[in-house]
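Reviewing the structure listed below.
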Amino acid sequence: MTWIGDNTALIWEQLREHLYLALVPMLLGLLISIPLGYVATRFSWLANPLVALGGVLYSLPSIALFIVLPAILGTQVLSSVNIIVALTIYAVSLLIRNVIDGLRSVPEDVLQAAVSVGYGTLRRVVTIDLPIAVPVIFAGLRVVTVANISMVSVGAIIGIGGLGELFTTGFQQDFLTPIVVGVVLSLALALVADILLVGLQRVLTPWARVISPVKEA
Amino acid sequence: MLQGFLDFISDPANWSGAEGIGNRILQHLGYTFLSLAIATLIALPIGLLIGHTRRGAFLAINTGNAARALPTLGLLTLVVLLIGIGQVPVIIALVVLGIPPIMASTYAGVSGVDRSTIDAARGMGMTGREILTKAEIPIALPLIISGLRSATLQIVSTATVAAYVALGGLGRYVIDGLSLRDFPQMLTGAVLVAVLAILLDLVFAAAARYAVSAGLTGRRRRNSDTGWSSSPTLRRLRRPGGHLAALEKGPR
């Protein structure tokens, strides 16, 4: 317990780094997979190869990707860019399927109604297609976020891993406390992130609540 | 850098002996299959039981979700510090990671079997055990295999990380290369483990295709075509929205 008191600053710093390394790839993944998914619904022959490619990329072990990326990108082996790019690749591989499924779940008559009242493509995608696809996209986003938060720790082996560095410290010093603190904080972070995403989804899809037993006044 | 990698991987000296690439691959596969087998022996019966009785679904779903949030390196270091260095604690950690995906997807597969199918099986006079082995398991097989597939990928990947806590296998190249600042050696380990993961994934994809009952996929079998695969009943079940349409989309 005294260890925790003596190292609060360090723990905070690693928690902050952990959050950064997990959330930036999640946002980048979303920013990449939405346009990519839209293109795949427009040119539907692209959808299956993209989903299949995502499956292959997602099967790559994270530690392998962290090490192969510097050879491809020309970055330093101990650069946090590798972690961010690797986790972004995982995020896109998983999200692309959900974005395609979500955009395809928009009913045809809704699309036609939008076009007939004069919506342009961009306005229709942003204000109609995407909101309707939110539940399906968020299902993927929750998996990506939780998986990313647990995967960041592996980076500690190559020296950049947020809370994962508590694991390597504890292991090297044969000392249990930092490891337990790291595991608990990592689980808590995943739980809080998941709850926030569920809340955000509720805010983004107010119509989903209308179906609740309480009728509107 | 790439040249160094090619030199390392093409040097016959690096392929032979106890620390050679061949032996490292065998070790890696050994850990993977041992852990997968133990995890399956534990998770499959529990998943089947929960799915068949439809009691305790809470357990199956929540362990699956919680396991996804568990940091693997944290689990490995924790188990090793608690039990001591060696292969046994690492295998225990790998088994712990393999259980949730197998249990969750077995449960999902079995509990997702249409109630009317089970009623029909019971109506034909099948006992609970027969319903499980002749109806529920064959229908749930695509999902069960997909659970084994995720468990395998998780274990292959974590077995690499486990080299950090003194396990053999392909992760040794990564960890030893890192401490020696020998990047070609690290890259060799990373590339080999990535190839291994993709190959195992393909094996499971193929298994999912061929292990599933021909009666469900409509895949023709030589000498045993009873005409069922072209029967009007099956065609009706396969219609979009029919009972089989969803299953035929495959495991994922």
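Within the range B:163-179, which residues are at pLDDT 90 or above and more than 14 Å from A:ILE157 (Cα to Cα)? Matches in the range B:163-179: B:GLY169, B:LEU170.
Restricting attention to the range A:163-176, and to residues there that are within 8 Å of chain B (Cβ to nearest Cβ) and free of Cβ contacts under 8 Å to residues at least 60 places away in the same chain, which single residue is nearest to B:ALA69 (Cα to Cα)? For the range A:163-176, the residue satisfying everything is A:PHE167. Among the residues making up the range B:179-196, a single one is within 7 Å of chain A (Cβ to nearest Cβ), more than 17 Å from B:GLN3 (Cβ to Cβ) and either surrounded by fewer than 22 Cβ atoms within 10 Å (Cβ to Cβ) or β-branched (Val, Ile, Thr) (or both): B:VAL193.
A:VAL106 meets the stated requirement of being surrounded by 18 or more Cβ atoms within 10 Å (Cβ to Cβ), of a type in the set (Val, Ile, Thr) and away from chain B (no Cβ under 14 Å).
The single residue among B:ALA93, B:ALA43, B:ALA66, B:ALA104 that is in contact (Cβ under 8 Å) with a residue 12 or more places away in the chain and away from chain A (no Cβ under 14 Å) turns out to be B:ALA43.
Residues that are closer than 21 Å to B:ASN23 by Cα and of a type in the set (A, V, I, L, M): which helices (runs of 4 or more DSSP H) entirely in the range B:79-185 hold 2 or more of them?
Details: elements: B:87-111, B:115-123, B:137-161, B:171-179.
Filter on the range B:79-185 gives B:87-111, B:137-161, B:171-179.
For the residues A:ILE179, A:ILE100, A:ILE160, A:ILE137, the requirement of being hydrophobic (A, V, I, L, M, F, W, C), within 12 Å of chain B (Cβ to nearest Cβ) and buried (at least 18 other Cβ atoms within 10 Å of the Cβ) singles out A:ILE179.
Go through A:VAL110, A:VAL117, A:VAL152 for me and flag whichever is more than 27 Å from the chain's Cα centre (by Cα) and in contact (Cβ under 8 Å) with a residue 12 or more places away in the chain.
On the way: A:VAL117 fails: in contact (Cβ under 8 Å) with a residue 12 or more places away in the chain; A:VAL152 fails: more than 27 Å from the chain's Cα centre (by Cα).
Only one candidate passes the filter, namely A:VAL110.
The values are calculated or read from the model by the stated rules, or taken from the named source; none is laboratory data. Please read these numbers as outputs of a predicted model, since none were measured by experiment. Don't worry about glycine lacking a Cβ; one is built from the backbone with ideal geometry, like all the others, and counts go over all protein chains shown.
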